[in-house]
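For reference, the structure is listed below as structure tokens.
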Amino acid sequence: MNALNENEKIPYVVSSKSYTAVAINCAAKAGEWIKSKLGTVKQLSTKTSAQDIVTEVDKGAEQMIRKLILTHFPDHAILGEEGVAPGTEAYAKALEEAKEEEYLWIIDPVDGTTNYVHGFPFYSVSIALAHHGEVIIGVIYDPSRDELFVAEKGKGAYVHGNPTLVSKEEHLSESLLATGFPLDSKVNLPRNMAELQTLLPKVRNVRAGGSAALHLAYVAAGRISGYWEHGLSVWDVAAGALLVQESGGKVTDIDGQPYDLSVRHIAATNGLIHQPLLDTLKDAGSETNG
Ligand code: 2AM
Ligand code: CA
């Protein structure tokens with residue numbers, strides 16, 4: 001018999017402990033919902049600048065994911081883009097606190113919000129799970145193409161059940177790269193422009209699709225040879241970083257330090273072109289610094 005009185009009832013917890021299944025379920029559900037709302041966005045709010053936008057769909061999708069995760073794992077912590085106040089200070093504080101958690105879910109409900117608002121079909125849902133600060137699961141879902149990318153630490157990465165593998169280009173000259181244009185016009189944008197100027201003559205071409213998570217998934221799947229971007233947040237890259245690593249690629253910060261949750265300037269490649277890419281970015285950066 002249950003001896004607990006009415007006020008002491010233990011909440012019902014679903015018994016499944018498959019983190020990956022929950023991550024997939026959340027990404028797929030939120031992704032379908034986001035897609036169903038395409039073209040209906042009524043309220044466009046700005047965050048740090050007129051270019052930094054958020055919609056009711058971002059907020060609704062994050063709520064949906066949070067609820068689902070907590071149904072399965074009520075004692076896990078969650079760090080989601082829409083749960084953190086805009087600005088560098090609030091971000092640093094939120095990340096510092098979150099990094100200590102035993103289990104931390106890291107959510108970007110819509111990565112590529114600008115694309116989503118314009119109906120440009122390159123946006124994704126990104127969900128990662130970190131254990132004591134190390135990413136152990138990464139799931140990225142692209143609703144436009146119904147592509148689900150899944151990585152588990154030490155067990156490989158998959159798209160629709162097929163293993164993903166980074167590309168085989170050995171030289172920058174045969175590489176297709178991607179980047180993102182930073183919003184910060186003082187430091188990151190001039191640096192990115194200098195990098196593009198230096199890199200473009202050395203590579204096949206550079207794309208800027210507008211979703212960090214999908215760019216990383218594409219490095220993992222061998223569709224691009226490498227990707228770099230400045231000034232990102234943990235929810236943009238945590239899942240994608242694991243996908244790249246589990247597909248045989250390399251992920252560091254732009255200065256070459258190994259990837260961890262605090263990395264904001266990211267470089268991810270097939271491994272073979274990693275050092276040449278970092279060297280070229282460094283040359284370009286030193287020119288902007290005089
Ligand atoms: P988002 O759509 O989730 O905001 C595009 O270059 C990448 O930059 C996207 O992954 C986008 O994520 C991210 N991004 C957009 N605004 C940003 C901001 N203010 N700070 C950091 N990253 C941002
Ligand atoms: Ca987002």
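May I ask you to list the residues in segment 213-226 that are within 16 Å of ligand 2 (Cβ to nearest atom), hydrophobic (A, V, I, L, M, F, W, C) and under 19 Å from LEU281 (Cβ atoms)?
Of everything in segment 213-226, just one residue is within 16 Å of ligand 2 (Cβ to nearest atom), hydrophobic (A, V, I, L, M, F, W, C) and under 19 Å from LEU281 (Cβ atoms), namely LEU216.
Given the conditions (1) under 19 Å from GLY112 (Cβ atoms); (2) open to solvent by 10 Å² or more (accessible area, probe 1.4 Å), report the number of the one that THR198 does not fulfil.
Just one mismatch for THR198, condition (1).
Quick check, is GLU100 surrounded by fewer than 17 Cβ atoms within 10 Å (Cβ to Cβ), within 13 Å of HIS132 (Cα to Cα) and more than 16 Å from ligand 2 (Cβ to nearest atom)?
Judged against the criteria, GLU100 is a match.
Please find, within segment 213-241, the residue that is nearest to ARG145 (Cα to Cα) out of those that are of a type in the set (A, V, I, L, M) and open to solvent by 10 Å² or more (accessible area, probe 1.4 Å).
Looking at residues that are of a type in the set (A, V, I, L, M) and open to solvent by 10 Å² or more (accessible area, probe 1.4 Å), I get ALA221.
Can you spot a residue in segment 69-89 that is near ligand 1 (Cβ under 10 Å from one of its atoms), in the same structural domain as VAL159 (by TED's automatic domain parsing), polar (S, T, N, Q) and loosely packed, with under 14 Cβ neighbours inside 10 Å?
Checking segment 69-89: at least one residue is near ligand 1 (Cβ under 10 Å from one of its atoms), in the same structural domain as VAL159 (by TED's automatic domain parsing), polar (S, T, N, Q) and loosely packed, with under 14 Cβ neighbours inside 10 Å.
Taking the stated definitions as given, is SER49 of a type in the set (Gly, Ala, Ser), within 13 Å of ligand 1 (Cβ to nearest atom) and modelled with pLDDT under 85?
So SER49 passes the test.
Yes or no: GLY210 open to solvent by 20 Å² or more (accessible area, probe 1.4 Å), modelled with pLDDT of 95 or more and either among the basic types (Lys, Arg) or within 15 Å of ligand 2 (Cβ to nearest atom) (or both)?
It is true that GLY210 is open to solvent by 20 Å² or more (accessible area, probe 1.4 Å), modelled with pLDDT of 95 or more and either among the basic types (Lys, Arg) or within 15 Å of ligand 2 (Cβ to nearest atom) (or both).
Residues of segment 250-265 being farther than 22 Å from GLU97 by Cβ and open to solvent by less than 70 Å² (accessible area, probe 1.4 Å), which ones?
Passing the criteria: VAL251, THR252, ILE254, GLY256.
Is there any pair with a first residue in segment 30-47 that is outside the structural domain of LEU148 (by TED's automatic domain parsing) and a second that is open to solvent by 80 Å² or more (accessible area, probe 1.4 Å) and within 15 Å of ligand 2 (Cβ to nearest atom) whose Cβ atoms are under 8 Å apart and which are 6 or more apart or on different chains, and what are they?
If the second residue must be open to solvent by 80 Å² or more (accessible area, probe 1.4 Å) and within 15 Å of ligand 2 (Cβ to nearest atom), no pairs are left.
Name the residues in segment 70-97 that are away from ligand 2 (no atom under 15 Å from the Cβ) and part of a strand (DSSP E or B), would you?
Result: ALA77, single match.
The values are calculated or read from the model by the stated rules, or taken from the named source; none is laboratory data. Note that the coordinates shown come from a computational prediction; the quantities given were computed from them, not determined experimentally. Don't worry about glycine lacking a Cβ; one is built from the backbone with ideal geometry, like all the others, and counts go over all protein chains shown. Ligands, DNA and RNA are excluded from the accessible area calculation, which covers all protein heavy atoms including side chains. Shrake-Rupley method; radii C 1.70, N 1.55, O 1.52, S 1.80 Å.
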